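Asker: Below: one structure in structure tokens.
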Number of protein chains: 2
Amino acid sequence: MAAAAGVSITTVSDALNGKGRLPDATRRHVREVADRLGYRPSAAARTLRTGKSGLIGLTVTTYGDEPFTFTEFAYFAEMARAATSAALARGYALVILPATSRHDVWSNVALDGTVVIDPSDHDPVVSELVRQGLPVVSDGRPAGSLPVTAWVDNDHEAAVLGILDHLADAGARRIGLLTGTSTDTYTHLSTTAYLHWCERVGQDPVYEAYPAHDPCAGAVAADRLLARPDRPDAVYGLFDPNGTDLLAAARRYGLRVPDDLLLVCCSESTVYASTEPPITTLSLKPRRIGTAVVQLLIDAIEGVESEQPVEQVIPTELIVRTSSERRAARRTVSPPRSPEEG
Amino acid sequence: MAAAAGVSITTVSDALNGKGRLPDATRRHVREVADRLGYRPSAAARTLRTGKSGLIGLTVTTYGDEPFTFTEFAYFAEMARAATSAALARGYALVILPATSRHDVWSNVALDGTVVIDPSDHDPVVSELVRQGLPVVSDGRPAGSLPVTAWVDNDHEAAVLGILDHLADAGARRIGLLTGTSTDTYTHLSTTAYLHWCERVGQDPVYEAYPAHDPCAGAVAADRLLARPDRPDAVYGLFDPNGTDLLAAARRYGLRVPDDLLLVCCSESTVYASTEPPITTLSLKPRRIGTAVVQLLIDAIEGVESEQPVEQVIPTELIVRTSSERRAARRTVSPPRSPEEG
DNA sequence: TGATCTTGCAGAAACGTACCTGTCAACGGG
DNA sequence: CCCGTTGACAGGTACGTTTCTGCAAGATCA
């Protein structure tokens with residue numbers, strides 16, 4: 001390449017990178033020759049020299065050996081999409097990596113930093129990365145004293161309390177919860193918020209927990225919840241498929257939604273706009289989270305490293321649909337007033 | 001590192017890579033020191049030296065500036081998941097890259113090969129990659145004379161014909177199609193197959209086409225299809241959200257599914273198992289496709305380069321549910337036989 | 001007793017870039 | 001006329017590997 005243009009290697013580098021003191025004529029000449037030859041500078045050599053690869057790792061903690069969990073497809077897809085866009089806009093690319101601590105693949109790729117979705121406490125991957133001096137930003141408040149560079153999360157407590165209030169406003173007398181058995185912060189914070197709310201308003205907690213990574217267990221748990229003697233008249237489901245599962249279970253028990261049962265679930269899926277009836281959902285705004293996570297990470301890579309972790313809370317959005325619409329007061333103040341109600 | 005272990009650089013490299021003629025004692029010693037120091041060989045230097053990065057590009061041709069299209073979320077998520085797994089199992093990692101021909105990011109990452117999902121004819125990205133001598137494997141039969149190394153696809157024609165026959169068997173007299181306006185091979189092949197089938201059985205085609213990347217246009221198109229004077233009594237929808245949209249439209253027009261309207265759509269989503277009624281779906285088996293694509297690519301990277309493109313066809317699966325269940329024959333051979341039918 | 005072969009390692013070249021440090025000419029000011 | 005300055009480049013080194021070659025020291029053998 002340098003020979004073809006009749007200049008030195010230095011001049012080529014300077015011309016292509018816009019550095020050095022070169023007249024425009026030389027710059028143009030070099031670039032023209034490079035174009036003609038289809039010359040592309042070696043990314044590996046540049047990385048070796050500069051120490052920057054332009055690559056960001058993206059990791060999801062998983063239950064099996066699959067790189068994503070099953071329940072949160074829409075969330076992950078949206079989040080990853082936004083993260084990819086944001087990274088590309090700043091000249092970085094995303095590398096999908098497993099959360100396992102097997103170093104095989106990890107050490108084979110030069111990363112400038114890593115995004116970790118929903119890390120578990122004392123995640124060995126995170127510790128290793130931090131030890132290497134790489135910035136790590138997590139989607140989800142880090143459990144324990146995980147030493148991440150920054151994190152982004154929703155205010156899950158506020159979100160749950162808001163939903164419970166919303167359901168109570170719509171006439172719910174006993175609100176049930178469909179939750180998970182795993183120990184991640186999302187499940188933990190949401191369940192705790194539910195219990196606190198119950199205590200505050202004096203309602204007995206009515207909830208079923210199931211392993212969220214099992215695609216079949218959700219339907220069973222939904223059925224169990226509605227089969228209970230103390231059947232709730234409103235349910236909030238923490239996971240994406242809970243809406244359809246609860247709707248199907250309600251149908252089996254002859255419960256009308258929202259008349260006999262109010263329904264809300266946490267989901268990013270658009271199908272809940274077209275179900276019968278449409279179901280109220282809580283959106284965690286994965287696009288905003290994905291974008292924020294990447295921005296924080298690239299800031300840490302390029303800018304000054306701040307001492308304490310940067311924390312960023314993204315508001316949630318409750319998309320109210322028919323399934324949680326205020327129903328006529330029954331068995332409350334007014335006594336049964338017509339046979340049609342029977 | 002070499003100094004810390006009291007050996008030469010060569011010995012370190014040989015010990016860690018299991019090469020050279022070293023006694024086990026030396027090997028163990030070097031590895032132990034490496035572990036103690038937390039030493040990781042530089043991926044950039046290795047890539048520069050060996051010419052192999054262990055990175056595979058993953059590209060989706062898109063309509064906007066987002067890295068994925070909106071309609072096929074579940075398909076892409078599943079496909080990407082399987083591809084990631086397969087790549088990791090063979091020691092490779094996936095890099096998500098934009099389908100734009102802006103070289104910024106592309107030339108900043110050293111790739112061993114690339115997977116292209118649904119490439120358009122004369123895709124500039126593919127041409128550029130092939131010119132660089134990189135193997136390219138596409139998900140989706142390449143349009144035109146795109147010079148890919150290998151490709152994987154379903155037999156879309158056979159799939160559509162199978163569905164139409166299935167619907168006809170279930171009693172459909174006039175089958176409609178919900179299709180897209182874009183020119184990708186999936187849409188094109190499926191629509192053509194539908195038109196051929198109509199010609200063969202002597203039915204007038206009844207279809208609506210809409211821009212599949214627009215999340216709202218689908219619902220409108222579904223409505224339009226059922227509002228036609230020559231309203232079909234069965235519909236196949238080519239895209240994921242068509243099921244819920246058609247179901248909602250049917251409800252608006254007071255059509256019972258499957259009694260008045262048979263429904264099938266192409267989707268990987270599990271929600272269709274829990275809708276009312278459950279909807280028959282065609283699965284393109286994205287997991288198998290993702291795995292196959294990556295295997296072919298890595299074979300091409302590591303093995304001998306075969307001259308002609310390797311083609312692999314993955315069978316589809318029709319998951320039959322209530323929405324396309326055989327209905328009682330009406331207005332067919334047997335005359336109306338009882339008032340209950342009216 | 002050499003001559004040849006194996007074992008166990010070290011030296012050194014290359015991979016392609018970025019950047020620091022010259023070098024050489026032209027030029028203007030004193 | 002000399003000297004400092006500036007413009008326009010080239011040289012050379014370092015990044016951290018892999019790998020080819022080299023080279024002793026011991027083993028084997030005629």
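The values are calculated or read from the model by the stated rules, or taken from the named source; none is laboratory data. Quick caveat, the model's predicted, so the values are computed rather than measured. Positions of Cβ are backbone-derived with ideal geometry, glycine not excepted, and every protein chain shown enters the neighbour counts.
Asker: Could you tell me whether A:S13 is within 13 Å of DNA strand D (Cβ to nearest atom), hydroxyl-bearing (S, T, Y) and surrounded by fewer than 15 Cβ atoms within 10 Å (Cβ to Cβ)?
Answerer: Judged against the criteria, A:S13 is not a match.
Asker: Next question, about the same structure. How about region A:9-34: which of its residues are more than 7 Å from DNA strand C (Cβ to nearest atom) and under 26 Å from B:T50 (Cα atoms)?
Answerer: Scanning region A:9-34 gives A:V12, A:A34.
Asker: Would it be correct to say that B:A82 is surrounded by fewer than 21 Cβ atoms within 10 Å (Cβ to Cβ), over 20 Å from B:L48 (Cβ atoms) and either touching a residue at least 60 places away in the same chain (Cβ under 8 Å) or within 11 Å of chain A (Cβ to nearest Cβ) (or both)?
Answerer: In short, no.
Asker: Of the conditions (1) of a type in the set (G, A, S); (2) out of contact with any strand residue (DSSP E or B) (no Cβ under 7 Å at 6 or more places or on another chain); (3) at pLDDT 90 or above; (4) under 30 Å from B:A80 (Cα atoms), A:A34 satisfies every one except a single condition; which number is it?
Answerer: (4)
Asker: While we're here: Restricted to region B:226-256, and to residues that are of a type in the set (A, V, I, L, M) and not in a helix (DSSP H, G or I), which residue is farthest from B:R326 (Cα to Cα)?
Answerer: The selected residue is B:L238.
Asker: While we're on this one: Would you tally the residues in region B:95-120 being out of contact with any Lys or Arg (no Cβ under 9 Å at 6 or more places or on another chain) and touching a residue at least 40 places away in the same chain (Cβ under 8 Å)?
Answerer: So the count comes out to 13.
Asker: Is there any pair with a first residue in region A:184-206 that is within 17 Å of A:L284 (Cα to Cα) and a second that is aromatic (F, W, Y) whose Cβ atoms are under 8 Å apart and which are 6 or more apart or on different chains, and what are they?
Answerer: Qualifying pairs under 8 Å: A:T191/A:Y207.
Asker: Would you mind finding the one in B:D214, B:D223, B:D259 that is out of contact with any Asp or Glu (no Cβ under 9 Å at 6 or more places or on another chain), within 13 Å of chain A (Cβ to nearest Cβ) and either among the acidic types (D, E) or in a strand (DSSP E or B) (or both)?
Answerer: Just one listed residue meets the conditions, B:D214.
Asker: Looking at A:D214, A:D204, A:D223, can you tell me which residue is over 28 Å from A:F76 (Cα atoms) and either outside the structural domain of A:S138 (by TED's automatic domain parsing) or surrounded by fewer than 18 Cβ atoms within 10 Å (Cβ to Cβ) (or both)?
Answerer: None of the other options fit; the residue is A:D204.
Asker: Where the second residue is within 7 Å of DNA strand C (Cβ to nearest atom) and among the charged types (D, E, K, R) and the first is within 26 Å of A:A99 (Cβ to Cβ) and more than 7 Å from chain B (Cβ to nearest Cβ) and lies in region A:42-60, which pairs have Cβ atoms under 9 Å and are six or more apart or on separate chains?
Answerer: Within 9 Å, the pairs are A:K52/A:R46.
Asker: Among (1) away from DNA strand D (no atom under 11 Å from the Cβ); (2) more than 14 Å from chain B (Cβ to nearest Cβ); (3) surrounded by 14 or more Cβ atoms within 10 Å (Cβ to Cβ), there is one condition A:E32 misses while meeting the rest; what is its number?
Answerer: A:E32 satisfies every listed condition except (3).
Asker: Report whether or not A:T244 is closer than 24 Å to A:H156 by Cβ, surrounded by fewer than 21 Cβ atoms within 10 Å (Cβ to Cβ), modelled with pLDDT under 95 and of a type outside the set (G, A, S).
Answerer: no
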